[in-house]
Amino acid sequence: MSGFVVPAALTANHVEQQGEAGRAWSAGLPALAETYLERWGLRLDGEPAHGYVSLVLPVVREDGTGAALKLQPVSDENATEAPGLRAWAGDGSVLLLDEDPATGTLLLERLDAGRSLSSVTDDAKALAILTELLARLVEVPAPPGMRTLGDIARRMLDDVPEATEKLSRESDRRWLDVCAGAVRELVDEPGDRLLHWDLHYDNVLAADREPWLAIDPKPLAGDPGFDLWPALNNRWEDVLATGDVRRAVLRRFDQMVDRLGLDPARAAGWTLGRILQNGLWDVADGAPHLNQEQLAIAEVVRHRQ
């Protein structure tokens with residue numbers, strides 16, 4: 001048998017999301033792992049790690065090379081992970097070695113799970129590394145079959161009226177309208193690049209093949225401006241520590257826009273779209289107010305529209 005203990009925190013996440021069905025999926029992880037250890041000729045090589053929903057097992061292949069077995073339930077978000085990784089083919093991202101679309105199971109290149117870009121304490125240096133990776137990733141056109149930013153944006157706009165009614169503060173309702181207005185101006189030109197969607201410091205790991213590589217994408221086809229928000233919001237304590245939130249956020253925003261060669265107004269608009277998406281999710285989860293960090297970023301990037 002595979003011989004590992006499913007982390008309790010991972011089980012708790014699945015129970016929070018799906019109740020007893022999530023508990024059952026988590027309980028079935030050892031058997032699921034055993035299936036792919038046998039199918040792909042792997043042996044365990046260390047303790048499991050996990051994200052919010054995925055379990056990652058360090059393994060060794062039959063040829064002696066290290067790899068990582070990623071187990072996760074299939075969802076709309078991760079269904080495009082393997083096609084996206086295939087399109088990038090390891091250029092700035094972790095390399096996909098094998099997959100089973102039926103279960104969402106992936107065999108990935110082994111990276112250094114203990115050293116993410118968050119370990120780089122100089123925020124300017126960390127952002128420069130992330131931005132270079134992002135520039136490489138969004139150079140790639142999205143392959144056929146990807147979910148599209150256009151479709152996502154239209155669904156967001158459809159959800160705005162109901163979400164607005166649930167917000168108790170007039171200032172939050174105004175901000176939701178501001179963000180929705182930015183999306184309405186851009187929705188007919190959503191872009192066609194392959195986006196990572198979640199590129200923050202903890203989703204960049206140290207590697208042997210390159211110094212740093214991106215992991216855990218939720219790919220979609222769209223405008224690169226929609227990919228800036230995670231780095232703007234990342235390590236927010238560093239932004240606050242500067243004593244000048246506006247200047248710190250604009251430094252990050254301008255650095256990414258300049259390197260990626262984006263139109264600042266469009267990038268600002270799609271960043272407001274990302275804040276709209278986050279706000280809609282929060283309201284759907286029962287939040288009565290919009291997140292203040294999100295609104296601080298929205299206030300700043302509006303100056304670039």
Original post:
Based on DSSP H runs of at least 4 residues, each adding -39500 (n - 2.57), what is the mean residue ellipticity at 222 nm of the chain after dividing by all its residues, to the nearest 500 deg cm²/dmol?
Top reply: -15000 deg cm²/dmol
Original post:
By the scheme Lys and Arg +1, Asp and Glu -1, what is the net charge of all other residues having a beta-carbon under 13 Å from that of W236?
Top reply: -2
Original post:
What residues qualify as long-range amide H neighbours of R115, i.e. H under 5 Å apart, gap of 5 or more or another chain, H built at 1.01 Å from N?
Top reply: A206
Original post:
Once the Cα atoms of helix 123-138 and of the chain are each reduced to a long axis, what angle between those two axes, in degrees from 0 to 90 to the nearest 10, is obtained?
Top reply: 80 degrees
**OP:** Estimate the FRET efficiency between E162 and E77 by the formula 1/(1 + (r/R0)^6), using the beta-carbon distance for r and 22 Å for R0, to the nearest 0.05.
**Re:** 0.50
**OP:** Would you mind checking the tilt of helix 245-260 against the longest principal axis of the Cα atoms of the chain, expressed as 0 to 90 degrees and rounded to 10?
**Re:** 70 degrees
**OP:** Would you list which lysines come within 23 Å of K218, measuring only between C-alpha atoms, while excluding same-chain residues fewer than 8 positions from it?
**Re:** K70
**OP:** Would you mind ranking I297, I152 by Cβ crowding within 10 Å, fewest neighbours first?
**Re:** I152, I297
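At a Förster distance of 30 Å, what's the computed FRET efficiency of E132 paired with R86, Cβ-Cβ distance as r, to 0.05?
0.85
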Subject >> Total formal charge among the other residues, if their Cβ is under 15 angstrom from that of R173, Lys/Arg +1 and Asp/Glu -1 >> reply: -4
Original post:
Spin-label point model (7 Å from Cα, Cβ direction): what's the R39 to E62 distance in nm?
Top reply: 1.6 nm
Subject >> Folded to 0 to 90 degrees: helix 264-284 orientation relative to the chain principal axis, Cα >> reply: 70 degrees
Subject >> Förster radius 41 Å - calculated FRET efficiency between A102 and E293 (Cβ-Cβ, nearest 0.05) >> reply: 0.60
Original post:
How large is the Kirkwood hydrodynamic radius of segment 116-304, in angstrom, based on all distinct alpha carbon pairs?
Top reply: 16.9 Å
**OP:** At 0.36 nm per residue, minus the direct Cα-Cα distance, what do R184 and A27 gain on full extension? Give it in nm, one decimal, please.
**Re:** 52.1 nm
Original post:
How high is the relative contact order of the chain, in percent, counting Cα pairs under 8 Å that sit 6 or more residues apart?
Top reply: 15 percent
Original post:
P(r) of segment 8-110 in 10 Å steps, Cα pairs, percent per bin?
Top reply: 15, 47, 33, 5, 0
Original post:
Over segment 154-305, what relative contact order in percent results from Cα pairs under 8 Å that are six or more residues apart?
Top reply: 30 percent
Original post:
So between E139 and D244, what do we pick up on full extension, going 0.36 nm a residue minus the alpha carbon distance?
Top reply: 34.5 nm
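Where a number appears in this text, it was derived from the coordinates with a stated rule and is not lab data. For clarity, every value in this text was computed on a predicted model and none was experimentally measured. Glycine gets a Cβ as well: all are built from the backbone with ideal geometry, and neighbour counts include every protein chain shown.
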